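Here is the structure we will look at.
Please treat every number below as a calculation from the coordinates, not as lab data. It should be emphasised that the depicted structure is a prediction, and the values quoted were computed from it without experimental measurement. Glycine also receives a Cβ, built like all others from the backbone with ideal geometry; neighbour counts cover every protein chain displayed.
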Amino acid sequence: MRFDVVTLFPEIFSGYLDQGLLKKAIDRSLVNIQLHDLRAWSTDKHQKVDDRPFGGGPGMVLQVQPVIDCVEHVQKLEKTPSQVIMLTPQGKPLDQPLVEQLADQPRQILLCGRYEGFDQRVIDLLDPLEISIGDYILNGGEVAAMVVIDAVSRLVPGVVGSAESVEADSFTTGLLDGPQYTRPAEYRGWSVPETLMSGDHSAIAQWRRREALRRT
Ligand code: 6GU
């Protein structure tokens, strides 16, 4: 699975990608993430990539030229056909079925917006799939892009240790996970439910299913 991320802040991603399951997935070449600094595509002597909106109004708009030049360059880096995704609060809400759809494709180009958004002609020319991660406004699409990468990568075979944990995922089974406990068996008078300590596998399965149903 390949992700090309177009952003004004590539450094935002490094800490996150350098840890945990994603780092392992990258080290094992299961996931390939390439960061592209949009500012490198500015033709302005001050490396500007935004300008004031025509018609007036607050904030700045990302200009069409640097974005299109960058995306066209990125598309040519690989033969694998890519889907262009734009992270924006106006987008389609991200949910597990959409994550599964994205995981079916070999390559995604993720465009992270900042400021008041992209010049509309970026959308007209690239016809991206616009995705939002929820009903609130973020300062930019970078955190949303990380959410997409994280959720989609989990579905790449081999990224998560056991296929079981992906299949048992709350959203995949349609049930939320029940409560989990680990040692110690008692803490400040709070004990682990007897059934979980009983060693009776069918009773444990029954208990877990009942708890999952209750939570859902
Ligand atoms: Cl994808 N971008 C921004 N800027 N805000 C958001 C969002 C994305 N999803 C929810 N809020």
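Could you work out the helix-only [θ] at 222 nm for the chain, with each DSSP H run of four or more residues adding -39,500 (n - 2.57) and the total divided by the number of residues, to the nearest 500 deg cm²/dmol?
Rounded to the nearest 500, the figure is -10500 deg cm²/dmol.
Give me the net charge for the shell around Q65: Cβ to Cβ below 10 angstrom, other residues only, Lys and Arg +1, Asp and Glu -1.
Cβ neighbours under 10 Å give a net charge of -2.
Angle between the Cα long axis of helix 142-153 and the longest principal axis of the chain, 0 to 90 degrees, nearest 10?
For helix 142-153, the angle is close to 50 degrees.
For region 113-135 and region 56-71, what is the separation of their Cα centres, given in Å?
10
So how strong a dipole does the chain carry about its Cα centre when Lys and Arg Cβ are +1 and Asp and Glu Cβ are -1, to the nearest 20 debye?
380
Calculate the dipole size of region 1-89 relative to its Cα centre from +1 charges on Lys and Arg beta carbons and -1 charges on Asp and Glu beta carbons; express the result in debye to the nearest 20.
Approximately 180 debye in magnitude.
Have a look at the DSSP beta bridges in the chain and tell me what percent are antiparallel, nearest 5.
15
Before anything else, pin down the relative contact order of the chain: Cα pairs under 8 Å, at least 6 apart, normalised by residue count, whole percent.
The normalised contact order for the chain reaches 21 percent.
Springs between alpha-carbon pairs under 10 angstrom, Gaussian network model over the chain: which of A205, A185, A151 fluctuates most?
The residue that fluctuates most here is A185.
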